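The values are calculated or read from the model by the stated rules, or taken from the named source; none is laboratory data. Keep in mind the model is a prediction, meaning the values are calculated, not measured. Here Cβ is always computed from backbone atoms with ideal geometry, including for glycine, and neighbour counts include all displayed protein chains.
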DNA sequence: ATGATATGCAAACATATGTGAGAACTTACA
DNA sequence: TGTAAGTTCTCACATATGTTTGCATATCAT
């Protein structure tokens, strides 16, 4: 089975793709590559001539301030294109690095531009994927800016559980969270030491169990309540229709 | 002169629009409306059937956590479309509210969909505008998550000065910043009291002067240094070309 | 195996930022 | 002209989070 199926399925979560354009997407020429943990998939300043999609593994996107402080601004999971921006904005202003060993499929910009011209609903789906990314970024801002450490961590864990579970609630089981406490800190605007403290609090209160790099959520509802998590910002269900209402200020 | 010119000019900052599609954009049917300070242009849960563009005035986008904590996630200035997301994602998950009296032009989704079908470079420009918004959101995250209060405020002031000045460096002059200290606090993930303290520090150190709702930057370079501000993330110059390089991991 | 390096864990201490409560000052408007 | 509402500003105090350091494990390369 083509690894592109994974991408198309993910795109189809948010936008309707015509049968014809689905074929167009699946016929894209691609190359498969593998990257070890810690590899850069995209580097600040890069001007790639291709897009990349994660087939397996997890990656994180980060920026650095002039003082060298790092902020992780997103996590990418399989099926996601991690450098769609560079299809339209030549040079990258952030980095994407692998958290685990990753299988990546690359598609040339030329092929994607051709596709966009021929398959409007495919181009549309890429646009919508970006809009959803923007929506997730906004929730991430709310998380960093306004929630305390405990709630912040809980929210991040909820989001991962939800996304990794292919957006189907509730993800009661364990899942692998391949992030060090330092990386969690950089994602949440905290320090590793404080992550450690707070994580222990969550564990001793029975909200999560954690072994090695794995996280288990014994009581999903409880963690959701603690985090104030609401999946609405992920825009997955119900499949968006063009319902309209004229409600306005 | 059509108020749409403002929008087209802003879109053209980031993407090339063909002469023909430029006409298509300018021929969009629109309605002009006025809103008082504090009006909602978009409300969480809305399903608008039109897009809105700011002709004059300033607006802010915000989200609220279940505990009622508010986070401002973006500021919108004239020429920007504040609810492009809802063209493709039916229901809004955040609010847009005016900071000043605003003149707004609304365009029906139907007209925009028609345009997108007929004018590929116009559709493309809307996509790119969203990508730039995403890039700005990421810098905002870095600001909130990793900089201290003083640097955070300085960075926000730099970004505004830069954007309000139509992206032409250096904006030495005074400009109007129509935000209360409480709103600044909600934008930066701080409290109003702390904004007050820190603002006074910036003033007494001669980095900014401020009278009423106005801000003056006596020495642009100095503030930029204090903020660690680099306008690269705004993606305005040089006009993006399709330059390519195969640099990769 | 063996060292080298990264990560988790812990404690004591430092401080940036938050909290609560008012007073002074503006602005709007009756 | 005066009252009300909103905003700025201030103080004293509380605390969440950061800093530094050390050590115990885990992970990894050789």
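Taking the criterion of being assigned to a helix (DSSP H, G or I) and facing another protein chain (nearest Cβ under 7 Å), the residues of segment A:140-157 that qualify are A:140, A:141, A:142, A:144, A:145, A:146. Among the numbered conditions (1) over 23 Å from residue A:230 (Cβ atoms); (2) in a helix (DSSP H, G or I), the only one that residue A:134 does not meet is (1).
Quick grid of which residues meet (1) modelled with pLDDT under 90; (2) assigned by TED's automatic domain parsing to the domain that holds residue B:72; (3) buried (at least 18 other Cβ atoms within 10 Å of the Cβ):
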| residue | (1), (2), (3) |
| --- | --- |
| B:167 | yes, no, no |
| B:170 | yes, no, no |
| B:183 | no, no, yes |
| B:188 | no, no, yes |
| B:192 | no, no, no |
| B:197 | no, no, no |
| B:229 | no, no, yes |
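Here A:134, A:115, A:164 are screened, and the one residue that is away from every other protein chain (no Cβ under 12 Å) and under 29 Å from residue B:83 (Cβ atoms) is A:115. So, residue A:74, is that one in contact with a strand residue (DSSP E or B) (Cβ under 8 Å, 6 or more places away or on another chain) and facing another protein chain (nearest Cβ under 10 Å) or not? When the stated conditions are applied, residue A:74 passes them. Only one of the listed residues (B:92, B:111) is out of contact with any strand residue (DSSP E or B) (no Cβ under 6 Å at 6 or more places or on another chain) and modelled with pLDDT of 95 or more. That residue is B:111. Screening residue A:210 on (1) touching a helix residue (DSSP H, G or I) at 6+ places or on another chain (Cβ under 7 Å); (2) within 14 Å of chain B (Cβ to nearest Cβ); (3) surrounded by 15 or more Cβ atoms within 10 Å (Cβ to Cβ) shows it passes everything except condition (2). Of the residues making up segment B:39-52, just one is surrounded by fewer than 20 Cβ atoms within 10 Å (Cβ to Cβ) and either within 17 Å of the chain's Cα centre (by Cα) or without any contact (Cβ under 8 Å) to a residue 24 or more places away in the chain (or both), namely B:40. Only residues that are modelled with pLDDT of 95 or more and away from every other protein chain (no Cβ under 11 Å) were counted across segment B:32-54, and they come to 4.
Among the candidates B:141, B:179, the residue that is in contact with a helix residue (DSSP H, G or I) (Cβ under 9 Å, 6 or more places away or on another chain), modelled with pLDDT of 95 or more and under 23 Å from residue B:64 (Cβ atoms) is uniquely B:141. Among the strands (runs of 3 or more DSSP E) confined to segment B:19-71, the ones with at least 3 residues that are within 16 Å of DNA strand D (Cβ to nearest atom) are located at B:59-64.
If you go through segment A:74-131 and keep only what is assigned to a loop (DSSP other than H, G, I, E, B), touching a helix residue (DSSP H, G or I) at 6+ places or on another chain (Cβ under 8 Å) and touching a residue at least 60 places away in the same chain (Cβ under 8 Å), you end up with A:77, A:78, A:79, A:80, A:99, A:119. Checking segment B:14-23 against the condition returns no match, with no residue being on the phi > 0 side of the Ramachandran plot, within 11 Å of chain A (Cβ to nearest Cβ), at pLDDT below 95 and surrounded by fewer than 19 Cβ atoms within 10 Å (Cβ to Cβ). Applying the criterion of being touching a strand residue (DSSP E or B) at 6+ places or on another chain (Cβ under 8 Å) and not in a loop (DSSP other than H, G, I, E, B) to the residues of segment B:1-18, the residue that is farthest from residue B:235 (Cα to Cα) is B:4. Cβ separations smaller than 6 Å between residues 6+ apart or across chains give the following pairs from segment A:173-184 residues that are within 14 Å of chain B (Cβ to nearest Cβ) to residues that are within 14 Å of DNA strand D (Cβ to nearest atom): A:182/A:192; A:184/A:195.
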